[in-house]
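K.L.:
Can you read through this structure? Questions will come right after.
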Amino acid sequence: MTLRIAAPSGGGVDMDTRLDGPLGKRAAEALAARLDLHTVGDLLRHYPRRYVDRGKLSDISGLEIGEHVTVVAKVEKATLRDMRSRRGKLLNVVIRDDKGGRLSCTFFNGYKVSHVLTPGVRALFSGKVGVFQSQLQLTHPEFEPLEEGEDVRPFVSVYPAVDKLNSWDIARCVRQVLDQLDDPTDPLPEDIRRREKLPELGRALRRIHLPETEADHHAARARLVWDEALGVQLALALRRRHATERPGTASPLRAGGLLDAFDARLPFALTRGE
């Protein structure tokens, strides 16, 4: 089921804002229950696992058996039927790209995706080209429905997802939060950012989710990796500081105590050390 997201609240949000404000209660509860994401900061730190470059999309007419392809196409026909050899539904979808090429896609979890892949829906499909009954097809490809006007973005972000919470649902939540986000205060001093050629935190968070170029993605990733490394170093420094500030427990000498017992077990006689 596609995640229902509330309309934007209109007010600015920050990294500590609870997600039910900008997204609504239903979407916030789904993100909390399935991905343990509770705040705007949690969601924006749930980074894409990969990107699809629309400049490298394949034409259906030029596909070859065995290659891994990504195509943008519209669902022309969708047929849901019972599987013959086991329980469950099989969904067969015929897609058509802008140049008129057609391709069959088969989904073995047909019931779960049939409400999304309906005739007229445009989506990005990615998978390995196979053949069935002398026709090329994609078997259980990954897909990403495209919203109106979404073609202007050169990259599609693909997120780590879980059952009943798809990558495109997460992407919609991220975009809505970014539309309302006030740029966070940057904890990294400006002189360090300038020296290391790192973008500001707000820009890095936007570009890791919505890169315009490969350079955007690499620069954003470098900045966010720097933040993680700096956080680890600060935690270690605080731990060392706390250790040095902790007062030691007084252990006065006591005749017949542990020290005397230790000395007695030595295989040699101690000198006065003078």
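K.L.:
So with the 1.4 Å probe, I'd like the accessible area per residue for region 1-160, rounded to whole Å².
P.N.:
Value returned for region 1-160: 56 Å² of accessible area per residue.
K.L.:
With charges only on Cβ, +1 for K and R and -1 for D and E, what is the dipole size of region 114-204 about its Cα centre, in debye, rounded to 20?
P.N.:
Working: 11 positive and 16 negative charges, 78 e Å.
With only Lys, Arg, Asp and Glu charged at Cβ, the dipole is about 380 debye.
K.L.:
To continue, here is another question. With respect to the cross-link table entries K89/K128; K25/K89; K74/K164; K56/K197; K56/K99, which display a Cα-Cα separation exceeding 25 Å? Working shown, then result.
P.N.:
Working: K89/K128 22 Å; K25/K89 32 Å; K74/K164 23 Å; K56/K197 29 Å; K56/K99 16 Å.
Distance filter (> 25 Å) returns K25/K89; K56/K197.
K.L.:
Compute the acute angle (0 to 90°) between the alpha-carbon long axis of helix 214-245 and the principal axis of greatest extent of the alpha-carbon atoms of the chain; round to the nearest 10°.
P.N.:
Value to nearest ten degrees: 20.
K.L.:
How far is helix 25-35 tilted, in degrees, relative to the longest principal axis of the Cα atoms in the chain, given as a value from 0 to 90 rounded to the nearest 10?
P.N.:
With rounding to tens, the tilt is 60 degrees.
K.L.:
Out of region 11-109, which chymotrypsin sites (Phe, Trp or Tyr not before Pro) are coil in DSSP terms and have no more than 15 other C-beta atoms within 10 Å? Intermediate results must be reported in sequence, preceding the final value.
P.N.:
On the way: sites: Y51, F107, F108; in loops: F108.
Listed in order of number, the matching sites are F108.
K.L.:
Is the C-alpha gyration tensor of region 106-183 telling us rounded, prolate or oblate? Criteria: a/c under 1.5 is rounded; beyond that, a/b larger than b/c is prolate, otherwise oblate.
P.N.:
Values: a/c = 2.39, a/b = 1.98, b/c = 1.20.
Prolate shape, in that a/c is at least 1.5 and a/b is the bigger ratio.
K.L.:
Take each of the peptides 13-21, 94-102, average the number of other beta-carbon atoms within 10 Å over its residues, and list them starting from the highest.
P.N.:
Numbers: 13-21: 17.2, 94-102: 15.6.
Listed from highest to lowest mean packing, they are 13-21, 94-102.
K.L.:
Carbon and sulfur atoms: what percent of the 1.4 Å accessible area of the chain do they account for? Provide the component values of the computation, followed by the final result.
P.N.:
Details: 8930 of 17340 Å².
Taking all protein chains in place, the chain shows 51 percent carbon and sulfur surface.
K.L.:
Then there's this: Which residue, F155, F262, F143, tops the fluctuation ranking in a GNM of the chain built on C-alpha contacts under 10 Å?
P.N.:
Comparing F155, F262, F143 in a Gaussian network model of the chain, the most mobile one is F262.
K.L.:
About the Cα centre of the chain, how large is the charge dipole given +1 on each Lys and Arg Cβ and -1 on each Asp and Glu Cβ? Please answer in debye to the nearest 20.
P.N.:
980
K.L.:
OK, next. For region 182-253, which GluC sites (Glu not before Pro) are both in a DSSP coil and crowded by at most 16 other Cβ atoms within 10 Å?
P.N.:
Details: sites: E190, E196, E200, E212, E214, E228, E245; in loops: E200, E212.
Those satisfying the criteria are E200, E212.
K.L.:
Near P189, within a Cβ-to-Cβ distance under 13 Å, what is the net charge of the other residues, with Lys and Arg +1 and Asp and Glu -1?
P.N.:
Numbers: positive: R193, R194, R195; negative: D186, E190, D191, E196, E200, D227.
Combined, the nearby Lys, Arg, Asp and Glu give -3.
K.L.:
Here is a follow-up. Which of G256, G110, G130 moves most in a GNM of the chain, Cα contacts under 10 Å?
P.N.:
Largest GNM mean-square fluctuation: G256.
K.L.:
Can you tell me which of L234, L146, L188 moves the most in a GNM of the chain? Springs connect C-alpha atoms under 10 Å apart.
P.N.:
Largest GNM mean-square fluctuation: L234.
K.L.:
Could you tell me which of rounded, prolate or oblate describes the chain, using a ≥ b ≥ c as the square roots of the eigenvalues of the alpha-carbon gyration tensor, with rounded for a/c under 1.5 and, failing that, prolate when a/b is larger than b/c and oblate otherwise?
P.N.:
On the way: a/c = 2.68, a/b = 2.09, b/c = 1.28.
Prolate, because a/c is 1.5 or more and a/b exceeds b/c.
K.L.:
Which whole-number value in Å² is the accessible area per residue of region 177-248, probe 1.4 Å? It would help to have the intermediate numbers written out before the result.
P.N.:
On the way: 4970 Å² over 72 residues.
Computed with neighbouring chains in place, this is 69 Å² per residue.
K.L.:
With a ≥ b ≥ c the root eigenvalues of the C-alpha gyration tensor of region 75-147, is it rounded (a/c under 1.5), prolate (a/b larger than b/c) or oblate? The partial results should precede the final answer.
P.N.:
Values: a/c = 1.83, a/b = 1.26, b/c = 1.45.
Oblate, since a/c reaches 1.5 and b/c is not below a/b.
The values are calculated or read from the model by the stated rules, or taken from the named source; none is laboratory data. All figures in this text were calculated on a predicted structure; none of them were measured in a lab. Cβ sites come from the backbone with ideal geometry, for glycine too, and all protein chains shown count toward neighbours. The area values use the complete protein model at the heavy-atom level, side chains included, leaving out ligands, DNA and RNA. Shrake-Rupley method; radii C 1.70, N 1.55, O 1.52, S 1.80 Å.
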